Each structure stands twice: as structure tokens, then as C-alpha cells.
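A.B. asks: After the C-alpha cells below, expect a handful of questions from me.
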Amino acid sequence: MSVVLSWIVGFIKIVFVLGTLITIHELGHFTVAKLCKVKVNKFSIGFGPKLFCKQAGDTEYTIRLLPFGGFCQMEGEEERSEDENAFNKKSVWQRIAIVLAGPFVNIIFALIVYFFIASASNYYLNTTVLDLSAGPLYEAGIVAGDKIISVNGDKVLTQREIETIVEKAKSDDFTFLIERNGVEYEIPVVIPYEERGYLGVAFSDSGDVLYIYKNSPADKAGIELNDIVVAVNQRQTSTATEIVKEIRSLPNSEIEFEIIRDGELMTVQAQTSSTTQRFFTLLCEDIHPGFFGGFIYALDETGYYFTATIEGTFGILTGKNLDNVEVMGPVGIAEEITGTKAWSDFFYLMSAISLSLGIFNLLPVPALDGGRIVIFLVEAVRRKPLSEKLEQGLILAGFVLIIILAVCITASDVIKLF
């Protein structure tokens with residue numbers, strides 16, 4: 001694919017994701033506003049100059065030139081109105097429902113897309129062990145064919161849930177409940193923290209480079225997709241296991257790779273970083289859950305990312321547990337979107353962004369939906385609204401805070417590009 005065509009496809013992807021997610025967010029507000037008989041002055045898909053305009057009842061519907069979202073403009077939303085169908089004339093609970101509808105739609109959209117991904121592909125790994133090489137689980141006696149039912153008493157549905165429980169545990173001691181030939185066994189496993197070398201690349205069994213993580217040591221060293229690693233530090237290798245073993249044994253070290261690229265033998269120098277965590281080797285079966293099973297996995301996926309987003313947001317606000325938290329703004333998100341290859345990866349990322357957008361809008365910042373809900377709840381307790389001047393001042397302050405945060409995050413995203 002040429003560079004120009006790649007840019008065009010990437011641009012279309014960005015427009016589709018951001019345009020769709022912001023539009024459905026505003027459509028959520030619009031739908032509930034109409035149900036509550038609020039006068040909606042304008043509903044637009046896109047921004048900028050009008051391409052299409054139609055007046056229907058009290059509402060002007062438009063399609064605009066810049067397809068990066070849309071807006072829903074309600075009477076009495078920004079400035080209070082005496083119109084009996086104005087937003088500010090509705091009850092507190094109706095206004096909360098209207099404001100809540102936007103984030104709610106984003107969260108439900110993520111659930112629906114996760115459902116279709118789970119139903120249409122072998123995207124998930126269950127908990128039946130497919131392969132198990134040397135490591136804590138293997139040494140404890142778990143074998144291929146065992147089905148892991150729970151870890152430390154917590155039931156697990158996917159391999160990722162197993163990994164999450166192990167990662168977050170405070171102790172190195174674990175109890176795996178497994179099912180083998182119809183019989184359940186409790187197997188104690190010790191998984192200690194270890195320091196290992198990290199390169200940021202995934203290999204096929206024969207040593208071909210299948211994936212490179214952005215900004216990883218491999219990415220910075222110039223290793224490319226489809227490179228074939230044949231030696232590490234002048235030691236011949238023929239399998240991914242041998243390559244990975246060498247990399248892991250050399251944290252924060254200079255490594256020389258002999259690779260074959262486009263039929264030519266060449267040498268690449270890479271500086272590994274290090275990572276300290278509980279390491280264990282496990283590969284479970286991939287599954288096609290089908291239509292009804294897909295819903296269960298969609299709920300599991302939504303719950304996982306919902307929890308992860310809440311924990312990440314809390315970590316940012318409190319300054320705690322930031323090691324595994326990565327914040328991205330529009331530039332970082334655009335880079336991730338354009339980097340997707342398979343359709344499942346594209347829609348999987350779109351779902352994650354939609355879920356994050358929904359949760360972000362629920363934060364109690366006055367310019368966001370969550371902040372406006374807080375203002376309405378204060379009004380419910382006081383039994384009278386805040387003064388219009390105070391309410392607009394709070395929203396303006398929240399808006400300024402968001403702009404400052406967005407500028408800082410965008411600057412960070414741009415720096416990462418270089």
C-alpha cells in the first residue's frame with residue numbers, strides 16, 4: 001500500500017470512529033430530550049458549513065462539512081429560557097436522564113460491538129489449557145487439557161482474567177482450581193516477581209516477527225515485521241522459545257540480532273529494557289462462542305474495560321498506581337486507529353474508545369455530563385437551582401480545565417511520535 005493511500009485509509013478510519021462515537025453520543029441526548037418533550041433547536045451531524053438542511057417541527061436537522069461528530073442544541077440548555085418546553089423548565093430527573101443518555105449510549109455501543117466481535121470470530125481464549133511449557137504452572141502440575149475454573153476462589157472465564165488476577169495479587173501464593181477428566185483438583189502454585197529483559201516484539205514459532213509494540217526497544221532499534229531472527233548475540237536460534245529465552249535473560253542490555261530481511265542477512269543492535277512482574281507461561285484454547293455465548297463474553301469484555309478505565313482514571317486523579325496507566329489524547333488515539341490492520345482489531349479499539357468516552361463524560365467536572373448531573377443533584381437537594389451566573393461560571397471553569405488537560409496530553413502524544 002502506497003504512503004498516500006495509507007494516509008487516506010487512516011484518515012477515513014479516524015473520521016469513521018470519532019464521527020460515529022460523537023454522533024451517537026449526541027443522538028442519545030437528542031432521543032431522550034424528544035421523549036421528555038424538550039424543544040431541540042438544532043441537531044447536526046458534523047461541524048462547519050452546512051451541506052444539507054431540513055426543518056422538521058421545532059428542529060433544524062443538518063449535515064455539515066467536517067464529519068468529526070455532531071451536536072444537539074436544546075432550548076434553555078446554555079441560557080435559561082421561558083419556553084415551557086425548554087430544557088431548564090423540565091424536572092431535575094428529566095434533565096439528568098437527558099444528560100446521562102449520551103454516556104450511556106457510548107457504553108451500550110461498546111457492549112454491542114464487543115458482542116458482534118465475540119459472536120463472529122475466534123477472538124477469545126477460554127481457560128482450557130492448550131499448551132504449557134516450563135514455568136510455575138507447569139512445575140505445579142497443571143497440564144494441557146486442564147480447565148482452570150478459578151484462581152484464589154475467583155471464577156475465571158478467559159485467559160486474560162487469569163492473568164489479571166495473578167498481576168493484581170498481593171501474595172506470590174495462588175490456588176488454581178482445575179478440572180481434569182471430569183474431576184476437580186486444587187493445585188497450589190507459587191508465582192514470584194522476576195526481572196526480565198523486554199524487547200516489545202512477538203514471534204512466530206519459527207522466529208518470524210509478527211508484531212512490534214510502538215515505542216518499544218524493538219521499534220526504536222528498527223526491527224520490522226516479517227524479519228526472521230536467526231541468531232541472538234552470535235548464538236544460533238531456530239525457534240521463538242530460544243529467542244525469547246535469550247531476550248528475557250538480558251534486562252537493560254545491548255543485544256545483537258542477526259536477521260533475514262527480504263532474503264538478505266543483516267545485523268541489528270537493540271537495547272532491551274526491563275520489566276518486573278509475575279511471569280508464567282500459559283496458552284489457552286481459542287473459542288468461537290457463537291451468538292448466545294457472545295453476549296456473555298461481551299459483558300465480560302465491557303466489565304473488564306469499564307473497571308480498567310475507572311481504575312486508570314482514579315490513578316491519574318490521585319497520582320497512584322500509574323505504572324500501567326497510559327493516557328492518550330486525540331493524536332495518540334488517531335495513531336492507534338490508523339495502526340489497526342484486521343477488522344476485529346479496528347472495531348475492538350473503537351469499542352474501547354467508546355467505553356472510555358462514556359466513562360470520561362461521567363466525571364464530575366462541570367463542563368462534562370457528569371459535572372452537570374452533580375449540579376442537578378445539588379439543585380434537587382437545595383430544592384432550587386443555582387444562580388445562572390454561578391452555573392455558567394462552574395461550566396466555564398471546567399471547560400478551561402479540560403482544555404489545559406487536552407493540551408498537555410496532546411503535547412505528550414506528539415513527543416512520543418518522535
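The values are calculated or read from the model by the stated rules, or taken from the named source; none is laboratory data. Predicted model only: the values in this text are computed from it and were never measured. Cβ sites come from the backbone with ideal geometry, for glycine too, and all protein chains shown count toward neighbours.
A.B. asks: Restrict the check to segment 165-185 and report whether at least one residue is in contact with a helix residue (DSSP H, G or I) (Cβ under 8 Å, 6 or more places away or on another chain), assigned by TED's automatic domain parsing to the domain that holds residue 136, surrounded by 13 or more Cβ atoms within 10 Å (Cβ to Cβ) and under 19 Å from residue 281 (Cα atoms).
C.D. replies: Yes, segment 165-185 contains at least one residue that is in contact with a helix residue (DSSP H, G or I) (Cβ under 8 Å, 6 or more places away or on another chain), assigned by TED's automatic domain parsing to the domain that holds residue 136, surrounded by 13 or more Cβ atoms within 10 Å (Cβ to Cβ) and under 19 Å from residue 281 (Cα atoms).
A.B. asks: Quick check, is residue 203 surrounded by 13 or more Cβ atoms within 10 Å (Cβ to Cβ) and modelled with pLDDT of 90 or more? Before you say what the answer is, go through the steps one by one.
C.D. replies: Numbers: surrounded by 13 or more Cβ atoms within 10 Å (Cβ to Cβ): yes; modelled with pLDDT of 90 or more: no.
For residue 203, the condition - surrounded by 13 or more Cβ atoms within 10 Å (Cβ to Cβ) and modelled with pLDDT of 90 or more - is not met.
A.B. asks: While we're looking at this one, here's another question. Of the conditions (1) closer than 20 Å to residue 279 by Cβ; (2) among the basic types (Lys, Arg); (3) under 23 Å from the mean Cα position of the chain (by Cα), residue 196 satisfies every one except a single condition; which number is it?
C.D. replies: (3)
A.B. asks: Within segment 204-277, considering only strands (runs of 3 or more DSSP E) that don't extend past its boundaries, which have at least 2 residues that are closer than 30 Å to residue 191 by Cα and under 25 Å from the mean Cα position of the chain (by Cα)?
C.D. replies: The strands (runs of 3 or more DSSP E) meeting that bar are 209-212.
A.B. asks: Could you please give the count of residues in segment 373-400 that are among the basic types (Lys, Arg) and either outside any helix (DSSP H, G or I) or under 25 Å from the mean Cα position of the chain (by Cα) (or both)?
C.D. replies: 2
A.B. asks: To continue, here is another question. Would it be correct to say that residue 99 is part of a helix (DSSP H, G or I), in contact with a Lys or Arg (Cβ under 6 Å, 6 or more places away or on another chain), farther than 30 Å from residue 345 by Cβ and in contact (Cβ under 8 Å) with a residue 40 or more places away in the chain? Break it down stepwise before answering.
C.D. replies: Details: part of a helix (DSSP H, G or I): yes; in contact with a Lys or Arg (Cβ under 6 Å, 6 or more places away or on another chain): yes; farther than 30 Å from residue 345 by Cβ: yes; in contact (Cβ under 8 Å) with a residue 40 or more places away in the chain: yes.
Spelling it out, residue 99 is indeed part of a helix (DSSP H, G or I), in contact with a Lys or Arg (Cβ under 6 Å, 6 or more places away or on another chain), farther than 30 Å from residue 345 by Cβ and in contact (Cβ under 8 Å) with a residue 40 or more places away in the chain.
Okay, residues lined up against (1) within 31 Å of the chain's Cα centre (by Cα); (2) at pLDDT below 90:
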| position | (1), (2) |
| --- | --- |
| 67 | yes, yes |
| 87 | no, no |
| 104 | yes, no |
| 116 | yes, yes |
| 124 | yes, yes |
| 142 | no, no |
| 147 | yes, no |
| 152 | yes, no |
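A.B. asks: Let me ask another. Are there any pairs, at least 6 apart or on different chains, whose C-beta atoms fall under 8 Å, with the first in segment 264-288 and free of Cβ contacts under 8 Å to residues at least 40 places away in the same chain and the second assigned to a strand (DSSP E or B) and surrounded by fewer than 17 Cβ atoms within 10 Å (Cβ to Cβ), and if so, which?
C.D. replies: Final answer for the pair search is 265/230; 266/260; 267/256.
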